[in-house]
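Participant: Below: one structure in structure tokens.
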Amino acid sequence: MNILVIDDDKDFLFLLKKRISKQGHEVYTAVNGINALDEMDQHKIDVVVSDVVMRDTPIMSLTCTLKQLYPHTPIILISGLPNEPNINNSLSLGADDFVPKPINMHQLMNSIERLGGHA
């Protein structure tokens with residue numbers, strides 16, 4: 001499966017790419033919305049995993065744009081902010097799932113496998 005991970009924390013991005021790649025997936029990365037759209041144009045992405053809070057990318061705008069351009073690509077949002085309001089906001093923006101930080105890799109991989117099967 002081809003997975004795009006979007007996060008402005010390059011260290012976290014590197015670690016997440018490494019952990020997901022070990023599960024046999026091809027992982028592409030982006031540090032902001034512009035990079036994310038470029039990666040989406042260049043590759044057939046099955047699942048997007050994106051941080052909610054990024055310095056130069058409003059997640060509402062990015063999520064809506066991705067859903068408009070790639071309506072069948074599932075989006076999993078991740079965040080270290082308090083869960084309850086973020087889960088509701090994320091899902092109302094068009095995200096297909098929400099995984100809190102610190103990331104439980106088992107939970108994230110289950111979500112990727114579940115949603116990626118519908119890509």
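Derivation of every value follows stated rules applied to the coordinates shown; laboratory data play no part. Keep in mind it's a predicted model, so treat the numbers as computed, not measured. Using ideal geometry, Cβ is built from the backbone for each residue, glycine included, and neighbour counts are taken over all protein chains shown.
Participant: Computed FRET efficiency, Cβ-Cβ of S21 and E113, R0 22 Å: what is it to the nearest 0.05?
Facilitator: 0.90
Participant: Sequence-distant or interchain residues sharing an amide H contact under 5 Å with V5, placed H: which?
Facilitator: So V5 has HN proximity to Y28, T29, A30, V49.
Participant: Give the Rg/Rh ratio for the chain, taking Rg as the radius of gyration of the Cα atoms and Rh as the Kirkwood radius, to two decimals.
Facilitator: 0.91
Participant: Next up: Given the options S92, S21, S50, which has the most mean-square fluctuation in a GNM of the chain, springs set between C-alpha atoms less than 10 angstrom apart?
Facilitator: Looking only at S92, S21, S50, the largest GNM fluctuation is found for S92.
Participant: Through the Karplus equation 6.51 cos²θ - 1.76 cosθ + 1.60, θ set to phi - 60°, convert the phi angles of segment 47-53 into ³J(HN,Hα) values in whole Hz; use x for Gly and Pro.
Facilitator: Along segment 47-53, the couplings run 8, 10, 10, 9, 5, 7, 9 Hz.
Participant: About the Cα centre, and with charges only on the beta carbon of Lys, Arg (+1) and Asp, Glu (-1), how big is the dipole of segment 2-116? Nearest 20 debye, please.
Facilitator: It comes to approximately 240 debye.
Participant: List the lysines whose alpha-carbon lies under 25 Å from that of K44, not counting same-chain residues fewer than 8 positions away?
Facilitator: Within the straight-line limit of under 25 Å, K44 reaches these lysines: K10, K17, K18, K22, K67.
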